[in-house]
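Here the structure comes first, spelled out in structure tokens, and everything after it is commentary.
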Amino acid sequence: MDLLLEPIEPFVPTWGSPEEWNSAYEKLESYLRAHEVDSHLHRAHLITMILRGVSRRWQNQSPPAPLSTLVIQEANRLLNEWFVSIMDLPDGTATNFTAADGRVALFLCDGPLRWPYAFLEPRRIPEDLKTAMRRSLMRAGPELQISNMVPRPIDLGLFPEIADDAMDALNRMPVIKALIGWLIFLTILTYLFWTTR
């Protein structure tokens, strides 16, 4: 798909400091890279489009958040609209579809690799991208369901049973238990005596 570029106009913000705009640009570029927008040309086009939108929206108002936050919010808004248009959901629809579902569907169908210039392009969305994303979303499977696991006793094998039986027998015969204790103690003393000589 060809990249649809408007005539190149220099973008000069009329409010905010250059440092704020540069920081917002860098955050937005990282955000788009996280969505695997690898084309420098397409990424620059999207960044300019989003920065222009934020600049126009808050032109004569005091922004409610830092500029970096505003550009990410604008990118998320555009992304949600783009997913809704791809999935053919009516505007403001109350479904379980979320932007996270859209991201999963996009990555499952290898959207960023197969259609590198289609990301966030509202004017012409390839039909095969729409079909692939819808299929991917259906293939993702049912929603997570919580299940209960019944605790079971741990099977430690035969050795703990033998040790338990031996301890029970020794508890019933305290004299033998004391003799075995003294025998172990004397054995340790003898060992220490011979090793330190």
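For segment 18-139, what does the equivalent ellipsoid look like in terms of its semi-axes, each the square root of 5 times an eigenvalue of the Cα gyration tensor, given largest first in whole Å? Display every interim value, and only then the final one.
Details: eigenvalues 141, 57, 27 Å².
Taking √(5λ) for each Cα gyration eigenvalue gives 27, 17, 12 Å.
In terms of surrounding Cβ atoms within a 10 Å radius of their Cβ, I184, I47 rank from fewest to most as I184, I47. Computing FRET efficiency as 1/(1 + (r/R0)^6) for V104 and E20, where r is the C-beta to C-beta distance and R0 is 41 Å, gives about 0.80. Put in line by how crowded their Cβ is, counting other Cβ atoms within 10 Å and starting with the fewest, F83, F11 read F11, F83. Among L106, L120, the ranking by other beta carbons within 10 Å of each residue's beta carbon, starting with the fewest, stands as L120, L106.
Values in this text are rule-based calculations from the coordinates and carry no lab data. These figures come from a predicted structure and were not determined experimentally. Here the Cβ is made from the backbone with ideal geometry for all residues, glycine too, and neighbour counts use every protein chain on show.
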